[in-house]
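Take a look at the structure set out below.
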Amino acid sequence: MPQLREHINQIISYTLHHILPDNAVRQKLEELNIQTDKRRIIVVAIGKAAWRMAKSTKEVLGERIDKGIVITKYHHSEGAIEGLEIFEAGHPIPDENTLIATKRALELTSNLSENDIVLFLVSGGGSALFEELQEGVTLQDIQFITQQLLKSGANIVEINTIRKHLSIVKGGRFAQHVYPAKVISLVLSDVLGDRLDSIASGPAYPDSTTSEMALQIIEKYNIPVSNAILNALKNETPKELTNVETYIIGSVKVACEKAMEKAKELGYNTLLLTTTLDCEAKEAGRFLSAIAKEIKQNDVPVKKPAAVILGGETIVHVKGNGKGGRNQELALSFALAIESIEGIALCSFGTDGTDGPTDAAGGIVDGTTASKTRNAGYNPELMLENNDSYNVLRIAGDLLITGPTGTNVNDLIVMVVGE
């Protein structure tokens with residue numbers, strides 16, 4: 001199985017290299033020919049990939065940029081970019097630095113005219129990193145509500161529906177703020193189906209969600225909120241915007257295609273199972289283990305040696321007090337189901353390099369993962385029930401730790417079955 005693990009590592013490295021936003025940003029800017037536009041250019045970059053997107057923009061546009069700001073997650077900045085102010089803030093829960101950075105972004109984009117362009121560089125994580133709250137809503141309110149939704153297993157569209165209705169920059173409101181300036185958005189999608197009104201909570205895109213939907217989500221997950229929150233949720237978001245152009249420059253679909261390319265090069269028969277995986281992480285792990293066993297025993301639905309690729313974003317209902325993330329939980333669930341079976345391995349990881357509130361991107365597991373944990377004196381089933389997948393994989397030596405990758409296009413799962 002060492003060769004299977006090595007092949008998975010090669011597939012991951014190849015994929016990450018080819019989905020970095022640098023080239024995609026350059027290509028789109030050159031295609032749009034923005035550098036020849038006579039209007040003043042202000043850059044606003046938000047999200048986990050904000051620094052790389054802004055760096056590439058600076059390399060293309062140079063002195064054409066009048067001013068700008070980069071707001072990214074802690075430890076995701078790679079240094080100064082001339083002419084741009086750089087802030088780091090909290091993710092997935094916004095913090096005080098989120099508000100400070102966003103306030104500065106609003107200052108830099110205030111009192112604009114039709115002679116201005118706001119080049120808006122958007123990537124996943126922007127919802128937590130770009131926030132100015134409605135009157136009566138506090139940072140503690142949004143932190144509590146976000147934490148409760150995450151623990152309850154709410155999906156990203158549901159979480160962002162709430163965020164949009166509590167904010168004065170989300171759900172199209174940032175585009176309203178800069179009007180009549182033109183907003184040109186380059187978007188790196190981390191939302192299944194590339195829903196533009198949900199990526200980073202759609203600060204510069206017409207919002208398809210409603211106040212009624214937001215209130216229903218609060219009720220669905222039984223989140224206790226104040227009257228001030230309920231009143232804020234009733235303020236409707238803009239449904240039409242006339243000053244915005246939006247372009248998706250990267251998504252999980254591209255990541256899956258690149259993973260397939262490398263797997264084929266390594267000699268695997270490949271199957272792209274889905275780019276829209278959206279279910280409970282533990283259930284996904286068990287389901288994939290069944291497919292792996294079917295391939296091993298019967299060469300169905302693809303012949304050995306096989307590489308099965310999936311993209312998407314699972315959810316976790318947090319019931320325990322352990323440490324982990326959705327990718328680690330999926331990987332551990334898979335590992336338990338294939339315990340002691342040789343010739344099968346799987347990696348599930350966040351393309352941004354982080355999985356939940358941990359330093360790991362995910363995990364690489366095989367039939368030895370669970371037994372290594374048992375041999376160390378631990379019960380991996382009980383730890384999984386406690387949502388403690390991180391420590392199981394740490395004990396087994398099966399964590400995937402990449403550090404910040406500079407991109408963010410959902411999660412990628414690579415499953416391989418040898419001859």
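Checked against the criteria, Ala337 counts as out of contact with any Pro (no Cβ under 6 Å at 6 or more places or on another chain) and farther than 22 Å from Cys256 by Cβ. Residue count for the stretch 399-412 satisfying the condition of being in contact with a Cys (Cβ under 8 Å, 6 or more places away or on another chain) and over 27 Å from Leu186 (Cβ atoms): 1. Among the criteria (1) touching a Phe, Trp or Tyr at 6+ places or on another chain (Cβ under 7 Å); (2) crowded, with 19+ Cβ neighbours inside 10 Å, the one Lys73 does not fulfil is (1). On the given criteria, is Val416 crowded, with 24+ Cβ neighbours inside 10 Å, on the phi < 0 side of the Ramachandran plot, in contact with a His (Cβ under 7 Å, 6 or more places away or on another chain) and of a type outside the set (Lys, Arg)? So Val416 fits the description; yes.
Taking the stated definitions as given, is Ile86 part of a strand (DSSP E or B), modelled with pLDDT of 95 or more and touching an Asp or Glu at 6+ places or on another chain (Cβ under 7 Å)? Against the criterion (part of a strand (DSSP E or B), modelled with pLDDT of 95 or more and touching an Asp or Glu at 6+ places or on another chain (Cβ under 7 Å)), Ile86 does not qualify. The set of residues in the stretch 318-369 that are touching a helix residue (DSSP H, G or I) at 6+ places or on another chain (Cβ under 6 Å), within 21 Å of Thr146 (Cα to Cα) and in a loop (DSSP other than H, G, I, E, B) comprises Val318, Lys323, Gly324, Asp355, Thr358.
Residues in the stretch 58-83 that are under 30 Å from Pro357 (Cβ atoms) and not in a strand (DSSP E or B): Tyr74, His75, His76, Ser77, Glu78, Gly79, Ala80.
Candidates Ala290, Ala259, Ala255: the one that is in a helix (DSSP H, G or I), open to solvent by less than 50 Å² (accessible area, probe 1.4 Å) and closer than 24 Å to Ile341 by Cβ is Ala259.
Restricting attention to the stretch 197-227 and to residues that are open to solvent by 40 Å² or more (accessible area, probe 1.4 Å) and among the aliphatic types (A, V, I, L, M), the residue that is modelled with the lowest pLDDT turns out to be Val225. Could you grab the pairs with beta carbons closer than 7 Å, sequence gap of 6+ or different chains, first residue in the stretch 259-280 and within 28 Å of Ile315 (Cβ to Cβ), second one open to solvent by 50 Å² or more (accessible area, probe 1.4 Å) and among the basic types (Lys, Arg)? Once the first residue is within 28 Å of Ile315 (Cβ to Cβ) and sits in the stretch 259-280, its partners that are open to solvent by 50 Å² or more (accessible area, probe 1.4 Å) and among the basic types (Lys, Arg) give Thr270/Lys264; Thr275/Lys253.
The values are calculated or read from the model by the stated rules, or taken from the named source; none is laboratory data. Predicted model, so just to flag it, every value in this text is computed and none were measured. All Cβ positions, even for glycine, are placed from backbone atoms using ideal geometry, and neighbour counts span all protein chains on display. Protein only, heavy atoms only, side chains kept; ligands, DNA and RNA dropped before computing areas. Shrake-Rupley method; radii C 1.70, N 1.55, O 1.52, S 1.80 Å.
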